[in-house]
Amino acid sequence: MAAERTPQLVVENLEVYYGAIKALHGISFHVYPGEIVTIIGANGAGKTSTLRAISRLVKVGPETRMTFEGHDLLAYPPHKVVSELGISHVPEGRRLFGNLTVWENLQLATFARKDPPEVIQRDFDMVFDLFPRLAERRNQRAGTMSGGEQQMLAVARALITARRMMLLDEPSMGLAPKLMQEMFEALKEINKEGTTILLVEQNANMALRFAQRGYVLETGNLVLEGPSQDLLANPRVKEAYLGG
Amino acid sequence: MSQVAQQLFNALQWGSFYALIALGYSMVYSILMLFNFAHGDVFMVATYIGYFVATLLLGLALSGSLPLSGVAVFVLTLLLTMFLASFIGIAVERVAYRPLRDAPRASAAITGLMVGIFLETLVLYLLGASRRNFPTLIEVNTFELGPVQVTNLKVLTIVLAVVLMVLLHLFIRKTKVGMAMRAMSYDYAVIPLMGVPLDLIIAFTFALGSALAGAAGVLFGMAYPVLDPYMGVLIGWKAFVAAILGGRGSILGAVAGGFLLGFIEILVAAVLTSTMRDLVAYSIVLLILTFRPYGLFGEEHSVRLRL
Ligand SMILES: Nc1ncnc2c1ncn2[C@@H]1O[C@H](COP(=O)(O)OP(=O)(O)O)[C@@H](O)[C@H]1O
Ligand SMILES: [Mg+2]
């Protein structure tokens, strides 16, 4: 692929430990601006740890290097990865503030933004456009919504916090096929507007159809990478992740 | 009848003290699941701050250096004390609790107790053992409210406590920092993903709690003007009990628990001899907690989620 492009995100030799357990054994990958990239892997492979490392929520090994648009990620505390570098993160299990209303969840996401109110209002209009259900439910407590609605809010909230790159941790989890389809269409839309997407998924079929490129993560090591087409056709991927 | 109404005002006055201090315990607990056992002594230090501020302002007003009316001196004392007290809370968090944020909660609790002893000893060392008298900021006079005789000071205490609670409520409901505090009480770990600096919200929470303790200190000092370095211990523990009674981490609970404790104490004292007061009053509290172990407004499980 276009070798002259510079990657937006570069991860080199990423190691994550939980006490004595090594969750990631020094993985390296990169994401180009505007791309949709996926990392697929089974439960426990280290997908969540990878995203948590980028968001600076876990300590990384001494050999690890990570840069985003040329900035050393390791020099940023978690909240500044969001507010200064522009990386948003939809965590595994959505993690909404269930005691806050839909509107409050979105409002809180503007905490560190210095944009004028018109710009923020435009972003609100945009997410309500993308997910009209959220507009209807703006005064409802997030914790009382259905799983699909909660996932929409989790994505909307991330979109409000920052939008240079979005990290998505298994957004398909617990969604009915139709809702999942809708969710990925919305994500395509978000990507078209200029947000780079890094998606980690167990649902390899869905993820590889959505992404342009993919990596395969097995127990803390990246074992395969390539254009999604190739991975979908790869016998090893078919065997292990696409049900034969 | 008028006797009962009279006691009602006493209960509301003590309830105001307890509630204002209990709020500090509950706010910190709600975001950090930590009982800040130094808080009673923060109240004590805040009362001393109030004493110095009041003495200074009163001196300036009486010497004519500053053209301040009596009411202005009181208002300024209250606001300045709240402002300065907030830094005591911020300092306690910064020095004692922040390094222990990932340590077991028991370590933080023990540290809090030691910080309390440190503050008591520090005040004792700096100011000596002699007791200080809080200056008279407002001429206390008694007036008739229907059949009841009340002092203007009691009414002022109760009204101000309620006003501060309403302001706190609005702050927590309407501002982004308030939203962040509520969000944090629900799920601590994802707060940074919202671009929200954890440290800022935590410092703010300690500041708010200590400012309320500062307000309690000024009002308490005006009503019970003899100050000593250990004055925060008993009232601090009682306010802590009020916070538990209301439901740990619950803002509404702290207010309800504070006033309920005020009522129980005054009621027991009115019926029995006052030496029996705490024994019986706290037996009642224990009984309530037997039937409602999470307090009046507490959640059965406030599970701290991890990301
Ligand atoms: N907080 C934690 N403490 C200890 N071990 C953990 C923790 N989080 C994850 N792990 C371990 O790290 C490995 C990778 O987990 P994770 O990154 O969550 O994988 P995935 O998201 O692919 O399911 C697993 O073996 C998991 O048990
Ligand atoms: Mg995971």
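The residue pairs whose first member lies in region A:46-70 and is within 12 Å of another protein chain (Cβ to nearest Cβ), whose second member is among the charged types (D, E, K, R) and within 16 Å of ligand 2 (Cβ to nearest atom), and whose beta carbons are closer than 7 Å, counting only pairs six or more residues apart or on different chains, are A:48/A:92; A:48/A:169; A:51/A:169; A:58/A:52. Taking the criterion of being closer than 19 Å to residue B:176 by Cβ, in a loop (DSSP other than H, G, I, E, B) and either at the interface with chain B (Cβ under 7 Å from one of its Cβ atoms) or within 16 Å of ligand 1 (Cβ to nearest atom) (or both), the residues of region A:82-100 that qualify are A:95, A:97, A:98, A:99, A:100. Within region A:83-100, at least one residue is touching a residue at least 12 places away in the same chain (Cβ under 8 Å), surrounded by 15 or more Cβ atoms within 10 Å (Cβ to Cβ), farther than 18 Å from residue A:200 by Cβ and touching a Gly at 6+ places or on another chain (Cβ under 6 Å). The condition of being out of contact with any helix residue (DSSP H, G or I) (no Cβ under 6 Å at 6 or more places or on another chain) and within 16 Å of ligand 2 (Cβ to nearest atom) holds for only one of A:40, A:54, that being A:54. For region B:27-37, does any single residue satisfy the condition of being among the aliphatic types (A, V, I, L, M) and either closer than 23 Å to residue B:227 by Cα or touching a Pro at 6+ places or on another chain (Cβ under 8 Å) (or both)? No, that holds for no residue. Go through region A:154-186 and give me each residue that's out of contact with any strand residue (DSSP E or B) (no Cβ under 8 Å at 6 or more places or on another chain) and within 16 Å of ligand 1 (Cβ to nearest atom). The answer is A:173, A:174. Within region A:151-173, residues that are within 13 Å of another protein chain (Cβ to nearest Cβ) reach partners that are within 16 Å of ligand 2 (Cβ to nearest atom) and not β-branched (Val, Ile, Thr) with beta carbons closer than 6 Å, at six or more positions or on different chains, in the pairs A:154/A:94; A:167/A:51; A:167/A:89; A:167/A:198; A:168/A:199; A:169/A:51; A:169/A:91; A:169/A:92.
Entry remark, region B:79-109: residues being of a type in the set (A, V, I, L, M), in a helix (DSSP H, G or I) and without any contact (Cβ under 8 Å) to a residue 60 or more places away in the chain number 7 in total. Looking only at region B:29-51, which residues are over 16 Å from residue B:115 (Cα atoms) and either in a helix (DSSP H, G or I) or touching a His at 6+ places or on another chain (Cβ under 9 Å) (or both)? Within region B:29-51, B:29, B:30, B:31, B:32, B:47, B:48, B:49, B:50, B:51 qualify. Name the pairs whose Cβ atoms lie under 8 Å apart, with the first residue in region B:265-288 and under 20 Å from residue B:9 (Cβ atoms), the second surrounded by 12 or more Cβ atoms within 10 Å (Cβ to Cβ) and among the acidic types (Asp, Glu), and 6 or more positions between them or separate chains? These pairs meet every condition: B:265/B:278; B:277/B:265; B:281/B:265. When region A:101-123 is limited to residues that are polar (S, T, N, Q) and facing chain B (nearest Cβ under 9 Å), the one that is farthest from the chain's Cα centre (by Cα) turns out to be A:107.
Scanning region B:282-307 for residues that are of a type in the set (Gly, Ala, Ser) and at pLDDT 85 or above, we see that the one that is surrounded by the fewest Cβ atoms within 10 Å (Cβ to Cβ) is B:283.
The values are calculated or read from the model by the stated rules, or taken from the named source; none is laboratory data. All of these numbers come straight from a predicted model, not from anything done at the bench. Every residue, glycine as well, gets a Cβ built from its backbone with ideal geometry; the counts of neighbours run over all protein chains shown.
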